Structures are given as C-alpha cells and as structure tokens.
1. For Y167, Y52, what's the largest-to-smallest order of accessible area, 1.4 Å probe?
2. Quote the accessible area belonging to K100 in square angstrom, nearest 10, computed with a 1.4 Å probe and with ligands, DNA and RNA left uncounted.
3. At 1.4 Å probe size, put R134, R143, R56 in order of accessible surface, largest to smallest.
4. Filter K10/K58; K18/K174; K139/K186; K28/K75 down to the pairs with a C-alpha to C-alpha distance above 28 Å, please.
5. Among residues other than A22 whose Cβ falls under 15 Å from its Cβ, what is the net charge (Lys/Arg +1, Asp/Glu -1)?
6. So what are the ³J(HN,Hα) numbers for the range 183-190, from phi and the Karplus equation (6.51, -1.76, 1.60; θ = phi - 60°), rounded to whole Hz, Gly and Pro as x?
7. Which ³J(HN,Hα) values in Hz, rounded to whole numbers, follow from the phi angles of the range 152-158 under the Karplus curve 6.51 cos²θ - 1.76 cosθ + 1.60, where θ = phi - 60° and Gly and Pro get x?
8. Using a basic spin-label model with each label point 7 Å from the Cα along Cα→Cβ, how many nm lie between I96 and N157?
Amino acid sequence: MAENIGLRKKKKFQARQKILLAAAQQFKFKGFANTSIADIMQTANLGVGTFYNYFRSKEDVLLTLAKNLCEGVEKNILSTEKSNLSSTELLEQCCISTAKLIDENRFILPLFICASDHSDKPEQISESLSPGFRDLFEKIILRGQERGEFRDDVPKNIISEMIHSIYQTTAFSKLEISFQENIRLKVKILLDGIKR
C-alpha cells in the first residue's frame, strides 16, 4: 500500500512539473497573454481538466514559475552572502542576477507590473501577486542598515520598492541599451544614494 502512495505522489509531482515546464515554454514562445491553458496542457500532453488539479489559474502557474526562479536567485545570493561581500556588492549582485533572470524569462515581467498595480490593495493581495524578489531585496537592505552600510533614515521597504520599480520602468524603456545594462546603471545610481 505504501508503494502505491509513493508512486501516486511521484506521478502527481511529475505531472505538476510537466505543466510548469510546458507553461514556461509557451510563455516564452507566445507570451503570457497569448498563451491559453489549453496551449499549456497540449504541450504537457495532459488533459485540460488535469490543470485544475494543480493550479487555480494561468496566473497561479506564472507566480509559481516566478517564485521558483526567485528561489534560485536567493540560493545563489545566500551562498554568496557567506563571503565577505559588502551589502552594497550583495544587493548589486542580487539586482543584476534578477535582471538576467527576467531578461531570459520575460514572461515574469507581468508580475512586476501587476504587483505595482495592486500596491494599494491589502498586504495579503499584493503579497500573493509578488514572486518574492522584493522580500529578497529587503533582507539585503536590512543587513546593510544593521551593519551601518546603508542609510537608515529611509525605511527598507521604500528602498526595495524603488528597486522593484526599476524593473517596471525598464520593461517600458525605449533606450537603446540592453535590459540588463539599463537595470545595472539605474541600480548603481540608487546604490550611490543609499550608501553611507
């Protein structure tokens, strides 16, 4: 009996992973707005009804993908944090890693836009729409403030919101520089403003 439960869990995990992989492929190929649940499930080679066993909506899949990507950035940053990098260097690396990740997975940009559109909503709504990058920025900013590396006269959530908004404005930028370079330069200006 235990073997059957283990096999069932494994099949559920595999089906969920297939849906996420198929969604990422379709979002990259067609864009988030132009991808339907049917497109995702056809790519995953699963029935459309199966989708709702794992996710509530297409937005739920997008948020899951973004959170998985954010966890990858966070693991990388946490492993780097053990080195003797300053908080400025750590935050810069985090922002550049995030810019690279978004540049390679443009389908998560709607989450950054959506999070700003709902910033006036109750915390649980805006948090549920956030892939977690803002939390990661805040952790590093708090670390910098506690070490006296960053100004503490500006709350950490204001600084992280400013960083978050850099990604939003860069998404609509008409400047003839790459997305990643645009982010890097804007973050450099912001970091110069918060350093002690």
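The values are calculated or read from the model by the stated rules, or taken from the named source; none is laboratory data. Just so you know, these numbers come straight off a predicted model, no measurement behind them. Neighbour counts are summed over all protein chains in view; Cβ atoms, including those assigned to glycine, are modelled from backbone coordinates with ideal geometry. Ligands, DNA and RNA are stripped out before the accessible areas are found, and what is left, the full protein with its side chains, is counted by its heavy atoms. Shrake-Rupley method; radii C 1.70, N 1.55, O 1.52, S 1.80 Å.
1. Putting Y167, Y52 in descending order of accessible area: Y52, Y167.
2. Only protein atoms counted, so the area is about 100 Å².
3. On the way: R134 50, R143 25, R56 190 Å².
Per-residue accessible area, sorted high to low, gives R56, R134, R143.
4. Numbers: K10/K58 23 Å; K18/K174 36 Å; K139/K186 20 Å; K28/K75 24 Å.
Table pairs above 28 Å Cα-Cα are K18/K174.
5. Details: positive: R16, K18, K28, K30, K58; negative: D39, D60.
Around A22, the surrounding residues sum to +3.
6. For the range 183-190, the Karplus-derived couplings read 4, 4, 5, 5, 5, 4, 4, 5 Hz, x marking Gly and Pro.
7. Working through the residues one at a time gives 10, 7, 10, x, 4, 6, 5 Hz.
8. According to this spin-label approximation, the distance is 3.1 nm.
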